[in-house]
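**Student:** Before I ask anything, let me first share the structure, which is written out below as structure tokens.
The values are calculated or read from the model by the stated rules, or taken from the named source; none is laboratory data. In this text, all values refer to a predicted model and were calculated from it rather than measured experimentally. Accessible surface areas use protein heavy atoms only, side chains included; no ligands, DNA or RNA. Shrake-Rupley method; radii C 1.70, N 1.55, O 1.52, S 1.80 Å.
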Amino acid sequence: GAPEFATVRTPAEAYRTAREFLRELIRYAHQRHVQVGLVMGELSFVPPNLANVTPELRGEDAFMFQRYCGVALSPGDPRTLDIWETAMRALIETYPEADSYGFWTTEHSPEMEDPRIQEILRQNADLRAKIPSVAEIRRRGNVIVGGAMHAPEKVQLDADFLQMYLAAQLIERVKKHHPNVQLGVMSLFRGYKLAIMDEMMPKDVWLGNM
């Protein structure tokens, strides 16, 4: 680790040191004419202590529901947006020196059995229909698609769309409080999402794909 952390002994010290470390990193980057974007991930995962749920683990797909970035909440659960909005606002307000702020849509979208999700899909059926088939996505070069690897094709692509829907809702919320900051949405190995995200997001939002 960086030498700045050598004397850290408590979580409070870690947070304080990390904040100053990141501010110094941003300052140094600007000195070198490098822009800094702070990006959090991944939708729709939240810290376990805020989720107040026990993830539903399903054999070899268990990592879909609990990973390094937290516990998966349903894209239809209002708490998901509330937690993410709070986190994004805190990021912007804690590090106003940064040049942009964003988040990742998840690499593997959990399959959620939630009636609220079905209503979201019903209301957005036209946009959802624009996602190519798995065969077409793979023809374009994406080997892994959508959510739980053993789920039916429709479930996988529904999970992908719900990520985009949640991202658009989150951007809309953040812009109400910080209309002038530069925002970005990144996808992980999901280039086929970009054209549809372009339709769903304001045109000043940066889009990217790893």
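**Student:** Relative to the first principal axis of the alpha-carbon coordinates of the chain, what is the inclination of helix 153-177, with its axis defined by its Cα atoms, in degrees from 0 to 90 and to the nearest 10?
**Tutor:** It is inclined by approximately 40 degrees.
**Student:** Tilt of helix 78-94 relative to the longest C-alpha principal axis of the chain, in degrees (0 to 90, nearest 10)?
**Tutor:** 30
**Student:** Using Cα springs under 10 Å in a Gaussian network model of the chain, which residue among 89, 32, 79 shows the largest mean-square fluctuation?
**Tutor:** Looking only at 89, 32, 79, the largest GNM fluctuation is found for 32.
**Student:** Follow-up. Would you compute, from DSSP H runs of 4+ residues alone, the mean residue ellipticity of the chain at 222 nm, taking -39500 (n - 2.57) per run and dividing by the full residue count, rounded to the nearest 500?
**Tutor:** -13500 deg cm²/dmol
**Student:** A further question follows. Keeping every protein chain present and rolling a 1.4 Å probe, give me the accessible area per residue for the range 89-210 in Å².
**Tutor:** 49
**Student:** Apply the Karplus curve 6.51 cos²θ - 1.76 cosθ + 1.60, θ = phi - 60°, to the phi angles in the range 128-138 and return the couplings in whole Hz, x for Gly and Pro.
**Tutor:** For the range 128-138, the Karplus-derived couplings read 4, 5, 7, 6, x, 5, 4, 4, 5, 4, 5 Hz, x marking Gly and Pro.
**Student:** Follow-up. Whose amide H sits under 5 Å from the amide H of residue 65, counting only residues 5 or more places off or on another chain, with H placed in the peptide plane?
**Tutor:** It is none; the list stays empty.
**Student:** Checking the a/c ratio against 1.5 first, then a/b against b/c, what shape does the Cα gyration tensor give for the chain?
**Tutor:** Cα axes put the chain in the prolate bin.
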